[in-house]
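Remarks on the structure that follows.
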Amino acid sequence: MKKAVLVSGIQPTGNLHLGNYLGALKNFVALQNSGKYECFFFVADLHSMTEEYNPKEKQKQIMNVALDYLAAGLDPKKCVIFQQSAIPAHTELMWVLNTLTPMGELERMTQFKDKSGDIQEKRMVGLFDYPVLMASDILIYDAKFVPVGHDQLQHLELARTLVRKFNAKFGNTFAEPKPLMTNVERLMSLDDPTKKMSKSRPAGCVFVDDSPEVIRKKIMSAVTDSEREVGYDKEARPAMANLLMLYSAMSGEKIDMIVNRYIGKGYADFKRDLAEVVISSLTEFQKKKKEFSKNKTLLKTILEKGNKTARKIAEKKMETVKRKLGLSK
Ligand code: AMP
Ligand code: TRP
């Protein structure tokens, strides 16, 4: 039987932080290794054009995400790794879906509201249309599953709506994609547990490339609360809950086991150990990343091969779409 298709991507906009690592990357690897899916993971370079953009940095940023993929354990023998902009069918399908998307649907997107601000000249059509491109990324491969963090659920819902609309109007063509969430849907910022960890707040981020010294410093200065003992209460003690979730996700240990170990100890002990847990999980990743980065030709070959595979599938789907639309015979 054919395996269900799974698609996801990450934007090349700078270094990944632990939110990306736990909310996306680590999960990608687990899903790939489950053997249950036909996996496609791409570098969302076109999406990254909706953020601050420097063409001189872009190649490096694209390669950096590809390296993160490989270092985390994505294996080109088990999944297709590619670059979004190398597959023109993504943007071709986006146009078609644009003609089915009411502006009202996009106006209510939280990400658009958060990122676009109030200055009219800065409210770009690209950012507005971002979720439609994301829908195209998914639908062009007939993906049934999309692993993403909590912040992308609204966009996925739009993709599902567009599937229903297209299929109703032009005949059954696309599959409805479902989100696959990790245990770490939302890792919060280390300096403010009410905000999600995000590179727009670097002070609250641990980046996957941070050195052990920097990780120690950041974790030791993470905000906690005025209680004395380590304990888990998501509502009343969000900062501690976040650190415990981080500890658990990085070590694989259950939260109550961790809490039990710290009975009678202070926050400093807990944080010191948490820093070491994060460091040791990232050491392996950083080592592999360094090795892969030495072999630029290999990286290029992997992407070229992935692009070729993805392009073939996407072009074939686009031919079907054009037939359904009466644009070709
Ligand atoms: P981005 O870098 O914003 O394109 O995000 C890449 C992936 O990481 C997406 O699947 C996001 O949902 C996920 N992600 C980003 N920030 C966090 C966070 N703080 N906690 C959990 N997942 C996150
Ligand atoms: N919007 C996603 C993010 O910021 C990245 C992305 C682009 C994506 N296209 C996608 C994720 C398609 C999953 C499927 O994280």
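Quick note: the coordinates plus some simple rules give every number you see, no bench work behind them. Everything quoted here is computed from the prediction, not taken from an experiment. For neighbour counting, all protein chains shown are included, and Cβ atoms are generated from backbone atoms with ideal geometry for every residue, glycine included.
Just the number, please: percent antiparallel of the DSSP beta bridges in the chain, rounded to the nearest 5.
Antiparallel bridges: around 15 percent, rounded to the nearest 5.
Summing +1 for each Lys or Arg and -1 for each Asp or Glu, what net charge is found among the other residues whose Cβ lies under 14 Å from the Cβ of V29?
Every neighbour counted, the sum reads +3.
Can you tell me which aspartates and glutamates have their Cα less than 13 Å from the Cα of K322? Leave out same-chain residues fewer than eight positions away.
List returned: E92.
Between the stretch 59-114 and the stretch 8-43, what's the alpha-carbon centroid distance in Å?
The stretch 59-114 and the stretch 8-43 have Cα centres separated by 12 Å.
I'd like the distance between the alpha-carbon centres of the stretch 118-144 and the stretch 184-220, rounded to an integer number of Å.
One Cα centre to the other: 27 Å.
Taking the alpha-carbon set of the stretch 268-329, what are its Rg and Dmax in Å?
Every Cα atom of the stretch 268-329 included, Rg and Dmax give 22.4, 69 Å.
Check the chain for me: any Cys whose beta-carbon has no other cysteine beta-carbon within less than 4.7 Å?
That list is C205.
Kirkwood Rh and Cα-based Rg: tell me the resulting Rg over Rh for the stretch 139-179, rounded to two decimals. Walk me through the numbers on the way to the answer.
On the way: Rg = 10.3 Å, Rh = 10.4 Å.
Looking at the stretch 139-179, the ratio lands at 0.99.
Compute, for the stretch 276-329, the length of the dipole vector about the Cα centre, with Cβ point charges of +1 (Lys, Arg) and -1 (Asp, Glu) only. Units Debye, rounded to 20.
500 debye
For the cross-link pairs K56/K195; K178/K199; K144/K165; K60/K290; K2/K300; K60/K317, which exceed 19 Å when the distance is taken from alpha carbon to alpha carbon?
Beyond 19 Å between Cα atoms: K56/K195; K178/K199; K2/K300; K60/K317.
In the chain, if the dipole is taken from +1 on Lys/Arg beta carbons and -1 on Asp/Glu beta carbons about the Cα centre, which of F174, S251, L100 is farthest to the positive end?
The listed residue farthest towards the positive side: F174.
Please state, rounded to one decimal and in Å, the Kirkwood hydrodynamic radius that the stretch 188-291 gives when every pair of distinct Cα atoms enters the mean of 1/r. Before the final figure, lay out the partial values.
Working: mean 1/r = 0.0713 Å⁻¹.
Over the stretch 188-291, the inverse of the mean reciprocal pair distance is 14.0 Å.
Using the charge dipole of the chain (Lys, Arg: +1 at Cβ; Asp, Glu: -1 at Cβ; taken about the Cα centre), state which of T91, Q61, G231 has its Cα farthest towards the positive end.
Result: T91.
Evaluate the charge dipole of the chain about its Cα centre and quote only its size in Debye, nearest 20, assuming +1 on the Cβ of each Lys and Arg and -1 on the Cβ of each Asp and Glu.
1320 debye
For the stretch 1-51, just the Cα set please: Rg and Dmax, both in angstrom.
That works out to 12.6, 41 Å for Rg and Dmax.
Starting with the highest mean, order 278-290, 253-265 by the number of other Cβ atoms within 10 Å, averaged over the residues of each peptide.
278-290, 253-265
For the stretch 196-300, what is the charge dipole size about the Cα centre, in debye to the nearest 20, if Lys and Arg each add +1 at the Cβ and Asp and Glu each add -1 at the Cβ? Don't skip to the end; give the middle numbers.
Values: 21 positive and 15 negative charges, 147 e Å.
For the stretch 196-300, the charge dipole is close to 700 debye.
When the convex hull of the Cα atoms of the chain is projected onto a plane and the area is averaged over all directions, what value comes out in nm²?
Over every viewing direction, the Cα hull of the chain projects on average to 18.7 nm².
Given 10 Å bins starting at zero, what is the percent of C-alpha pairs of the stretch 1-97 in each, up to the one with the largest pair distance?
15, 45, 32, 7, 0
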